[in-house]
Amino acid sequence: MSLRRLGRTDLSIAPLILGTNVVGWTADEPTSFAVLDAFVAEGFTAIDTADSYSRWVPGNDSDSEKIIGRWMKARGNRARVLVFTKVGTDMGQGHNDLSAQWIIAEVEQSLKRLQTDYIDLYQSHWPDPRTPQDETLEAHDRLVKAGKVRFIGTSNHDVALLSEALAVSKARGLARYETLQNEYNLFTRSGFEGALQDLCVKEDIAMIPYYGLASGFLTGKYRSAADAEKSPRGRGVVQKYLNERGLKILAAMDEVAARTGAALSEIALAWLAAQPAVAAPIASATSVAQVESLARGARLTLKADDLALLSAAGR
């Protein structure tokens, strides 16, 4: 399993990042510990969370970071894993917040919840039109210089915002965004492919896409309106993805699966990992069995003809 470097950083990761938006939500603490244990046992190290995960659950107060922190303390493995987290989501202010004041204060809360004294990759979660990018980047730079953050990245940025951020960092000698975390998968492609992907390739920005399985649609379990009842989010998945294009993608994936013997979820991750600028996809799991399947996807190398077939189906 080859390692992928994140931008110009010295962070080398196996080609899979564990997403933990489900930690403290659909995965309770014992389940989360089992999933995290299985993930590192497979040889992976990078774990992605956010200060806001999963505060949408009643009574949940940033439980994803807290559970990860308790897991690292219990296992004594902080030095052997890479912790990625994010800042900037509305945490009660009434708006997304990338102000210097918020970043400097909130990083301390994330460090406390994670029970660590540094974060490997600290990411701006959502654009904040109220705050100039130079203010945001100055705050991130302060954290890097203080040793509280090793590298910075961004999320949900378009080509204009990312270009501006890179220009500000270069002109002012500030830490720059080394990673981009945007939605990207076989179905959802237009937001990344084209100018934004070209910029990432040119500037050596590592793409770490989320929703790589399109909320479960690319696992193949949603193929009819009746399938909407298979999970709490099934109705939304069917409404969004179950159309002529979605069915064409599933048909192509079925064809590749017949040739390779791989599960559709594994094929979806392997396709992502083969795309220009993509360092590693982010994927969540709520069971050890799901981790094992994700690991197979991370190790799967698709032939050029299969990649072409899948790409053509999703256009």
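Laboratory data are not the source of any read-out in this text; all were calculated from the coordinates shown. No experiment lies behind these values; they were computed from the predicted model shown. Methodologically, a virtual Cβ is constructed for each residue, glycine included, from the backbone with ideal geometry; neighbour enumeration extends over all protein chains shown.
Remark: the range 4-181 carries a charge dipole of roughly 620 debye about the Cα centre, counting +1 on each Lys and Arg Cβ and -1 on each Asp and Glu Cβ.
Charge dipole (Cα centre; +1 on Lys/Arg Cβ, -1 on Asp/Glu Cβ; no other charges) of the chain amounts to roughly 460 debye. Pairwise alpha-carbon distances in the range 4-181 exceed 26 Å for 26% of all pairs. For a straight C-alpha distance cut-off of 19 angstrom, the lysines reachable from LYS240 (same-chain residues fewer than eight places away being disregarded) are LYS221, LYS230, LYS248.
Along the charge dipole of the chain, pointing to its positive end and built from +1/-1 on Cβ of Lys, Arg, Asp and Glu, which listed residue (GLY216, SER155, LEU294) has its Cα farthest out? Selected residue: LEU294. Under 26 Å Cα to Cα from LYS73, which lysines show up? Leave out anything in the same chain fewer than 8 places away. Cross-link targets: LYS86, LYS112, LYS145, LYS148. Have a look at GLY43, PRO30, SER12 and report the one farthest towards the positive end of the charge dipole of the chain, computed about the Cα centre with Cβ charges (Lys/Arg +1, Asp/Glu -1). Sorting the options by dipole projection puts first GLY43. What is the percent of Cα-Cα separations in the chain that go past 24 Å? Every Cα pair in the chain considered, those over 24 Å come to 52 percent. Convert 25 °C to kelvin, take the viscosity as 0.890 mPa s, use the Kirkwood radius over C-alpha pairs of the range 159-273 as Rh, and evaluate the Stokes-Einstein diffusion coefficient in µm²/s, rounded to a whole number. The estimated diffusion coefficient comes to 155 µm²/s. Site pair GLN239 and ASP134 shows an inter-label distance of 4.4 nm when each label is modelled 7 Å from Cα along Cα→Cβ. In order along the range 265-274, phi translates into HN-Hα couplings of 4, 5, 5, 4, 5, 5, 4, 4, 4, 8 Hz, rounded to whole numbers, per the Karplus curve 6.51 cos²θ - 1.76 cosθ + 1.60 with θ = phi - 60° and x for Gly and Pro. A Gaussian network model of the chain, with springs between Cα atoms under 10 Å, assigns the largest mean-square fluctuation among ALA298, ALA277, ALA195 to ALA195. Quick one: if the Förster radius is 25 Å, what FRET efficiency do LYS221 and LYS248 give, using the C-beta to C-beta distance and rounding to 0.05? After rounding to 0.05, the efficiency reads 0.90. Under 5 Å between amide hydrogens, built in the peptide plane, is the criterion, and for GLY88 it picks out ASP97, HIS125 among residues at least 5 positions away or on other chains. Comparing ASN60, THR89, ASN77 along the charge dipole axis of the range 60-101, the residue lying farthest to the positive side is ASN77, per the Cβ-charge model. Comparing LEU36, LEU162, LEU199 in a Gaussian network model of the chain, where Cα atoms under 10 Å apart are tied by springs, the biggest mean-square fluctuation is seen for LEU199.
Each peptide in 186-192, 133-139 gets a packing score, the mean of other Cβ atoms within 10 Å over its residues, and the list from highest to lowest is 133-139, 186-192. Straight-distance candidates among the lysines for linking to LYS202, with alpha-carbon spacing under 21 Å and chain neighbours fewer than 8 residues away dropped: LYS170. Once the gyration tensor of the Cα atoms in the range 80-171 is diagonalised, the equivalent ellipsoid follows with semi-axes of 20, 15, 12 Å, ordered largest first.
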